[in-house]
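Have a look at the structure below, then the notes.
Only the coordinates and a few stated rules stand behind these numbers; no lab work does. Given the structure is predicted, the values throughout are model-derived calculations rather than measurements. Reconstructed Cβ throughout: ideal geometry from the backbone, glycine too, with neighbour counts over all protein chains shown.
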Amino acid sequence: MPRQTVASVGRTHHEWTWRYVWLWLHVFLLRLLAKVEVAMTDKLRPPVGPDVKVTKVRVPSRDKGRFIGAYIYEPKDKPEGPLPVNMNIHGSGFMVPAFFGNSRYFNSLMASKLKCYVIDSDYRKAPEYPFPYPLYDCHDMMSWIFANAEGKFDLDRVSITGFSAGGNLALSTANTVGPERIKAVATFYPPTDATSSGAPVGDRSNPPCEYRSGVVLEPWAFRVMYSSYVPMQLDPATPELCVVNLPLERYPDYMMFIAGKADVLYLDSKSFYDHILKNGSQAQKEHTRFISVPNEAHAFDEQPKHPESVKWRDTVYVEAIRMIEQAWYPDREPSVRPYAS
């Protein structure tokens, strides 16, 4: 079967069958559990710092009359002139709206340390809006950034970050936009290979490892997530979905993959990193990093329940920010120092 692209997928939705009804009921349950979890763990995510301003905006999408929600983080003491901009894409399992805003600490920290704008973008969720609709929203947000700079955004210094499902969308979006515009990509525990980690073609067992914080993605929940995002009529190997299949030359030189060793998606990040070391350009090999976090599970950074988890959260956040700063300003000494516990 020839690989499809976003352009050839068209308006693909789930077919109305009993399977879809079963799927939607499971999604409803997971969304309800997620909403409870977000409320119960909110205190584990530090609030936005006093030196950062947050504004909620609505960005026009390609569909007339529809808008995409986003939070814009900016330093209150920002310097004169255009500032660099990072687009962040939150995690969701491709289907949970409640996780929008969970990246607030990372976004606030980055805006503060790099004196830049951070745009935390929302997107439509499956199964009501499966692939490629969430990806379209990410493309539209990036297009808005480049079309509406108006002296506000430094378009020579644009990067993209993503958490979990948002990491998949970040990698796909960066590849579409291209390295001429996207200078760096940092992802936290993204699914990168739908042909090996997704429910449409089988399960991947969780690596046997004790963990301090985060969640273990059970096989049934994983099946619901991927089955929601990937309609049955779609080839799971579609490159914009199975991002490890996208051409490496369309990625920037600076990339970072972060994953907990106890995360079921650990191998997705590790395999992508190994793929770059084997097949990437010399610059990609030199500047791409993989951070393996011991004894942590999925989304450990968003609900750290142990002091060591907090240290690792702060460590990987600072390292991602340092990498992006180096990509934005390759000829100067980084101003962000490594995290010191």
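In percent, how large is the relative contact order of region 251-311, given Cα pairs closer than 8 Å and 6 or more residues apart? Can you show the working numbers first?
Numbers: 77 pairs, mean separation 26.9, N = 61.
That works out to 44 percent.
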Q) Under 5 Å between amide H atoms, partner at least 5 residues away or on a different chain: which partners does residue 246 have, H built in plane at 1.01 Å? A) none
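So what is the calculated 222 nm ellipticity per residue for the chain, using -39500 (n - 2.57) for each DSSP H run with n of 4 or more, over all residues, to the nearest 500 deg cm²/dmol? Write down the numbers at each step before the final one.
Values: 10 runs with 124 residues, N = 341.
Here the helix-only value at 222 nm equals -11500 deg cm²/dmol.
For each of 182, 276, count neighbouring Cβ atoms within 10 Å of the residue's Cβ, then give the residues from fewest to most. Spell out each step's value before the answer.
Numbers: 182 23, 276 20.
By the 10 Å Cβ count, ascending, the order reads 276, 182.
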(Q) Residue by residue through region 179-184, what is 3J(HN,Hα) from phi via Karplus (6.51 cos²θ - 1.76 cosθ + 1.60, θ = phi - 60°)? Round to whole Hz and write x for glycine and proline. (A) x, 5, 10, 9, 8, 7
Q. Quick one: if the Förster radius is 30 Å, what FRET efficiency do residue 335 and residue 32 give, using the C-beta to C-beta distance and rounding to 0.05?
A. 0.10
Q. Anyone know which of 83, 267, 29 comes out most mobile in the 10 Å Cα GNM of the chain?
A. 29
Q | Top positive-direction residue, dipole computed over region 50-99 with Cβ charges, set 98, 72, 55 | A | 98
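Gain in length, residue 181 to residue 147, computed as 0.36 nm per residue apart minus the alpha-carbon separation, to one decimal in nm?
Contour length minus the Cα-Cα distance gives 11.0 nm.
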Q.
Along the Cα→Cβ direction, 7 angstrom out, place labels at residue 115 and residue 78. What is the inter-label distance in nm?
A. 1.3
Q.
For residue 92, what residues show an amide H to amide H distance below 5 Å, using hydrogens built from the backbone and excluding near sequence neighbours?
A. 165, 166
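Over region 39-135, calculate the relative contact order: mean separation of alpha carbon pairs under 8 Å at least 6 apart, over the residue count, as a percent. Let's see the in-between values first.
Working: 158 pairs, mean separation 29.9, N = 97.
Averaging sequence separation for qualifying contacts and normalising by length gives 31 percent for region 39-135.
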Q. If you add up the charges near residue 84, with Lys and Arg at +1 and Asp and Glu at -1, over every other residue whose beta carbon is less than 12 angstrom from its beta carbon, what do you get?
A. +2
Q.
For residue 261, give me every one of the lysines with a C-alpha distance below 21 angstrom, ignoring sequence neighbours fewer than eight places off in its own chain.
A. 270, 305, 311
Q | Over the chain, relative contact order from alpha-carbon pairs under 8 Å, at least 6 apart, % | A | 17
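What is the projected area of the convex hull of the Cα atoms of the chain, averaged over all directions, in nm²? List each step's numbers first, then the result.
On the way: hull surface 67.5 nm².
Taking a quarter of the hull surface, the average projection is 16.9 nm².
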Q. How large is ³J(HN,Hα) for each residue in region 290-302, as worked out from phi by the Karplus curve 6.51 cos²θ - 1.76 cosθ + 1.60 (θ = phi - 60°), to whole Hz, x for Gly and Pro?
A. 10, 10, 8, 9, x, 6, 10, 9, 5, 6, 4, 6, 8
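Which whole DSSP H helices in the chain pass both tests: a Cα extent of 24 Å or more along the axis and a mean Kyte-Doolittle value no lower than -0.5? List each step's numbers first, then the result.
On the way: long enough: 18-41 (34 Å, 0.98); 307-328 (32 Å, -0.43).
Helix filter hits for the chain: 18-41, 307-328.
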